[in-house]
Amino acid sequence: MVIMQNLLEKTPLVGHSQDIYQLVQYLEDGKMPELQFEDNMANRKLIEVQKSGDLQLKTIFPDKYLDQEFCQSVPFLPQQRLLSEEEYDRISDIMQTVLKSGQFTSGPFIELFAKEVASFTRRRHVVLTASGTMALLIALCAMEIGPDAEVIMPANSFAATENAVLAAGATPVLIDINPNTYNLDPKQIEALITPRTRAIIPVHLYGNLADIDQIWDIANQYKIEVIADAAQSFGISRLGEKSTMSILSFNPFKNFGACGKGGAIVTDDEVLANLCHQLSYHGFARGQKNVKVASYGYNARMDNFQAATAFARFPFFTYNALKRSYLAYRYIRKLKFLVEKGVLAVPDFHGNHTWHLFTVRILGNFDKRKVQKKLFEQFQVETSHYYPILTHHQNTVLKKTLFSNVYLPNTEAAHKSLLHLPLHNQLTLSEQNRVLEALYAVLN
Ligand SMILES: Cc1ncc(COP(=O)(O)O)c(C=O)c1O
């Protein structure tokens, strides 16, 4: 810890998940050292708070000492509270600018936001797309992964992951997970590789970095591409490392979102980036409307309007990431007793996590559905499960064909006991206390 502190004091903090992780420890200790933050756009709010001397728990969570009575219920993700007041004002202003300009689709904010994302993620190229789903599809198409190709991916992701593979005409090959991380288990990759395998899609699920080192080594050995689905993990340290391309989602319900749908492909490969640009807009040469250079393309660029909302929100990113991380840390610490009792499992607190979702497992003799019902009916605490139906259990024709022999014991077991607790940028400590009290009451 002392060594890390020295390091941090000398090197400006970029604001990636490892930096945020360290900040949480300082916040908790109440001893914030003199830190230097890199002057990037994502750090603006954090720097402002630091300068005013407010980088401390009681100002970041002003309700800390409020009475419990103020909090009667805890919604999982209240849509009316996605934005802070300050974010709301900034976004309203920028929307006015775009409305007056009439530049709803093409326009300057696409370039501006892409530049900021590239600089923050340390990647050479960022192609903004209409959604994370389209980012994944375009990435696959750019690599000519289509009919005849197999793509290894987990079965517990959002449907977008398998849908992009299917839409490209390729075949998803489902792989089991490591039950401790919920991410694909690299040890199982080799058994699934065939001469048709072209790519692996590790999903950094719930914001937790997949085991990219092992995945990359195996992929290199077999000459397979790695396309990381980082839709839930914007801001993760090592984003884009050990993958040819990574995709992001700026869907408003993600840990960083625009005010509508949006996504991105990030890569260091210039040729692929150019292809992605072309594929995202009708195969047109970049910057030359109606001049085709690729034989086809989609209408799937991010709109200037959405890029503007994301641009307006970006200065709040690391400040919000700090809040999320602190809330995750506090859940883990306060739930320790239930973990030791053997009725609950919580994730490890580490720096390769963006805490898009806070995941627990209900253990012992408790039934997850009953626990979820009690939490809601007796304490008005809403919990959720992302995603309630595994890929191979979805009731489509694939269930009886492609996925009929799929057996994923770790994925199935985790699925039965998994629950997400409320965790979002505007969650208050009073609300979190209510979640904790409800869990203690129900699991005791
Ligand atoms: C793991 C994962 N992949 C892909 C996507 C697709 O992103 P989007 O909703 O922006 O299309 C999402 C989110 O919705 C996701 O959670």
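The values are calculated or read from the model by the stated rules, or taken from the named source; none is laboratory data. Since the structure is predicted, the reported quantities are computational estimates derived from the model, not experimental observations. Methodologically, a virtual Cβ is constructed for each residue, glycine included, from the backbone with ideal geometry; neighbour enumeration extends over all protein chains shown.
List of remarks:
- Contact annotation: residue pairs with Cβ atoms under 6 Å, 6 or more positions apart or on different chains, pairing a residue in the range 250-273 that is near the ligand (Cβ under 9 Å from one of its atoms) with a partner that is among the β-branched types (V, I, T) and at pLDDT 95 or above, are G263/T129.
- Screening M153 on (1) under 17 Å from the mean Cα position of the chain (by Cα); (2) away from the ligand (no atom under 16 Å from the Cβ) shows it passes everything except condition (2).
- Helices (runs of 4 or more DSSP H) enclosed by the range 369-444 - at least 2 residues per element that are closer than 16 Å to F76 by Cβ and aliphatic (A, V, I, L, M): 429-442
- So L375, is it within 16 Å of the ligand (Cβ to nearest atom) and either of a type outside the set (D, E) or over 16 Å from L174 (Cα atoms) (or both): no
- Sub-6 Å Cβ pairs linking a first residue in the range 146-161 that is within 11 Å of D229 (Cβ to Cβ) to a second residue that is hydroxyl-bearing (S, T, Y) and part of a loop (DSSP other than H, G, I, E, B), at least 6 apart or interchain, are F158/Y387, ordered by first then second residue.
- Residues of the range 361-398 that turn out to be in contact with a helix residue (DSSP H, G or I) (Cβ under 7 Å, 6 or more places away or on another chain) and among the hydrophobic types (A, V, I, L, M, F, W, C), as a count: 7
- Selected residue [more than 13 Å from the ligand (Cβ to nearest atom), closer than 21 Å to D269 by Cα, surrounded by fewer than 24 Cβ atoms within 10 Å (Cβ to Cβ) and of a type outside the set (V, I, T)] from G169, G146: G146
- Residue count for the range 119-143, restricted to those that are away from the ligand (no atom under 11 Å from the Cβ), assigned to a helix (DSSP H, G or I) and either of a type in the set (V, I, T) or more than 17 Å from the chain's Cα centre (by Cα) (or both): 7
- In the set A310, A300, only one residue is farther than 30 Å from V24 by Cβ, out of contact with any Pro (no Cβ under 6 Å at 6 or more places or on another chain) and modelled with pLDDT of 95 or more; that residue is A300.
- Contact map, the range 89-105: residues that are of a type in the set (F, W, Y) paired with residues that are surrounded by 13 or more Cβ atoms within 10 Å (Cβ to Cβ), Cβ distance under 9 Å, separation 6+ or inter-chain. Pairs shown: F104/V98; F104/D303; F104/N304; F104/F305.
- Among (1) buried (at least 24 other Cβ atoms within 10 Å of the Cβ); (2) farther than 25 Å from L192 by Cβ; (3) within 9 Å of the ligand (Cβ to nearest atom) - the single one F234 does not satisfy: (3)
- Residues satisfying the stated conditions in the range 235-253, i.e. within 27 Å of P422 (Cβ to Cβ) and among the aliphatic types (A, V, I, L, M): I236, L239, I247, L248
- Qualifying residue in the range 180-197 (condition: more than 16 Å from the ligand (Cβ to nearest atom), buried (at least 20 other Cβ atoms within 10 Å of the Cβ) and of a type in the set (D, E, K, R)): yes
- From A230, A159, A168, residue being at pLDDT 95 or above and touching a Cys at 6+ places or on another chain (Cβ under 7 Å): A168
- P409 vs. criteria surrounded by fewer than 14 Cβ atoms within 10 Å (Cβ to Cβ), under 27 Å from the mean Cα position of the chain (by Cα) and of a type outside the set (D, E): yes
- Taken over the range 156-166, the criterion of being assigned to a helix (DSSP H, G or I) and either within 11 Å of the ligand (Cβ to nearest atom) or within 21 Å of the chain's Cα centre (by Cα) (or both) is satisfied by A159, A160, T161, E162, N163, A164, V165.
- Verdict on T318 being closer than 30 Å to P422 by Cβ, part of a helix (DSSP H, G or I) and within 16 Å of the ligand (Cβ to nearest atom): no
- Looking across F284, F311, F305, one residue alone is of a type in the set (F, W, Y) and more than 26 Å from M41 (Cα to Cα). It is F284.
- Subset of the range 274-288 (residues that are in contact with a Ser or Thr (Cβ under 9 Å, 6 or more places away or on another chain) and either in contact (Cβ under 8 Å) with a residue 60 or more places away in the chain or within 16 Å of the ligand (Cβ to nearest atom) (or both)): C276, S280
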